[in-house]
Amino acid sequence: MRFDDLLRFLTASRGSSISVGRGGSAGMAMLACRLIEAGRPVVVLAANVEQRLELASLAHLFTPHISKEESNPTCAVWEQPFIALPSPRPGVLNRADSALRMGGLFAVHSAERAFGLLTGVDNLLLKAPPRNFFAHNSLSVKVNDELAQDFLISMAADWGYARTPMVTQPGEFAVRGDILDIFAPGYSHPLRMEFFGDSVEQIRLFDVSTQRSVGVRDDVTLIPPSHLLMGAEQIEAAQEYWRRLTRTGAISETLAAHLEAEARRNSLPPTLMPGLYYEQASSLFAWLPSNTIFICPSFDELNNGVETIREVWSCAALKHGETQNDGLIQPPELVLSSFGIGKELAGRTRVFFEELPVEGGGRQRDCHRRCFPDRFAGTAVT
């Protein structure tokens, strides 16, 4: 099957599974670009961080107009065709990393055209914030809007932004008279909003090191820098959730008390995952359009990645439990989705990039014209 034939097959299919033997990351990136041009949203799954970075570089290479668009310092993530969704590691998720994830999720949430999501296998397993998270937690701000500066300051605090003397990294905001600086997810530079009374007079983006403007915008969209909303209503809901988890034995009373104390001080750690903060935590699949096409590494790489991720989170919880009795131990069953990836992928169109066997016992990596039905059809990836 030629590349154009494969493209036509995929754009016309719903829920099909096919394996192809084509040139690794380059083939995956090229197919993603062509599918986006054809109007289909795409998820490109990388086997590891190195491959995700390689796929991003190749996607830009194959679509130079996208590279030019992304070089614009005022362009938001959700205004670009390709979205990167980084993967958290157990115990390693700082404010900047969290902001990157939130920007990626909002880009998927607000997409009005076909897009390419570049991510790792682990994001298919890890629980995400509730699907309606951004329904009440995003704000469009335009020049000349009647909007009180105090309202934005209060909102930023409830959303988990840290107030600092000077903004240096995502998730921070600073106030100087009629000027509000805020480093919001989705933007490569912090935003500077100048007010005249209760009116937004100007919105600029500026360089952190020089404080000089790098561009202006007529409108911006603000979202939380973390899934950990710190408003009184959400904290109360989280506390009730922890009490229910304690009653069912899902978490210890010690952990529940520790989390409640941190919540009262507005100092919950950024490493706290959505599954331990929201009873209605979702999965990444819930955020994606039903006609999304998944471009995957080989079935073995996908399956091995799933097993590795489950082992990593289980070992992290076990190791933490052995060394700290009152620390943040996050049970894997609350962090990871209970559904197998195979079950979630079953109704989605998916392509596996396989190494095909050749005569003589070797492996064939560049079979540019061959493809064959997915030999793993019906096999659940768990």
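Considering each residue of the range 182-199, count those that are assigned to a strand (DSSP E or B) and buried (at least 22 other Cβ atoms within 10 Å of the Cβ), and give that number. Count: 2. Residues in the range 202-217 that are exposed (fewer than 13 other Cβ atoms within 10 Å of the Cβ) and part of a strand (DSSP E or B): Val216 alone.
I need the full set of residues from the range 89-134 which are of a type in the set (Ser, Thr, Tyr) and surrounded by fewer than 19 Cβ atoms within 10 Å (Cβ to Cβ), in order please.
Step one: list which residues in the range 89-134 are of a type in the set (Ser, Thr, Tyr), which gives 98, 110, 119.
Passing the criteria: only Ser110.
Step by step: first the residues of the range 222-234, then only those that are surrounded by fewer than 19 Cβ atoms within 10 Å (Cβ to Cβ) and of a type outside the set (Gly, Ala, Ser), then the one that is farthest from the chain's Cα centre (by Cα). Which residue is that? Here the residue is Glu233.
Kindly indicate whether Ser154 is surrounded by fewer than 17 Cβ atoms within 10 Å (Cβ to Cβ), of a type outside the set (Phe, Trp, Tyr) and over 23 Å from Ala263 (Cα atoms). Even if it seems obvious, please write down each step before you answer.
Numbers: surrounded by fewer than 17 Cβ atoms within 10 Å (Cβ to Cβ): yes; of a type outside the set (Phe, Trp, Tyr): yes; over 23 Å from Ala263 (Cα atoms): no.
No, not satisfied.
Could you list, in sequence order, the residues of the range 255-282 that are over 19 Å from Leu245 (Cβ atoms) and either at pLDDT 95 or above or in contact with a Leu (Cβ under 8 Å, 6 or more places away or on another chain) (or both)? Across the range 255-282, the qualifying residue is only Pro270. Residues in the range 265-305 that are touching a helix residue (DSSP H, G or I) at 6+ places or on another chain (Cβ under 8 Å) and either in a helix (DSSP H, G or I) or under 15 Å from Ile329 (Cα atoms) (or both): 13 in all.
Scanning the range 250-276 for residues that are surrounded by 16 or more Cβ atoms within 10 Å (Cβ to Cβ) and of a type in the set (S, T, N, Q) gives Ser252, Thr271. Whenever a residue of the range 242-259 is outside the structural domain of Met273 (by TED's automatic domain parsing) and farther than 12 Å from Leu276 by Cα, its partners that are among the β-branched types (Val, Ile, Thr) and surrounded by fewer than 19 Cβ atoms within 10 Å (Cβ to Cβ), lying with C-beta atoms within less than 8 angstrom and at least six residues away or across chains, give the pairs Ser252/Thr246; Glu253/Thr246.
Kindly indicate which of Pro81, Pro86, Pro73 is within 26 Å of Ile309 (Cα to Cα) and either modelled with pLDDT of 80 or more or surrounded by 18 or more Cβ atoms within 10 Å (Cβ to Cβ) (or both).
Pro86
Tell me whether the range 286-297 contains one or more residues that are among the small types (Gly, Ala, Ser) and closer than 17 Å to Asn123 by Cβ. Scanning the range 286-297, I find at least one residue that is among the small types (Gly, Ala, Ser) and closer than 17 Å to Asn123 by Cβ, so the answer is yes. With respect to (1) in a loop (DSSP other than H, G, I, E, B); (2) at pLDDT 90 or above, the lone exception for Trp242 is condition (1).
Please go through the range 129-173 and give me each residue that is in a loop (DSSP other than H, G, I, E, B) and without any contact (Cβ under 8 Å) to a residue 40 or more places away in the chain, ordered by number.
At the first step, the residues of the range 129-173 found to be in a loop (DSSP other than H, G, I, E, B) are 129-132, 136-138, 143-145, 147-148, 159-161, 164-171.
Those that are in a loop (DSSP other than H, G, I, E, B) and without any contact (Cβ under 8 Å) to a residue 40 or more places away in the chain: Asn132, His136, Thr164, Pro165, Met166.
Screening Pro224 on (1) in a loop (DSSP other than H, G, I, E, B); (2) at pLDDT 95 or above; (3) over 14 Å from Pro129 (Cβ atoms) shows it passes everything except condition (3).
The values are calculated or read from the model by the stated rules, or taken from the named source; none is laboratory data. None of these values were measured; they are calculated from a predicted model. Ideal geometry is used to build each Cβ from the backbone, glycine not excepted, and the neighbour counts take in all protein chains shown.
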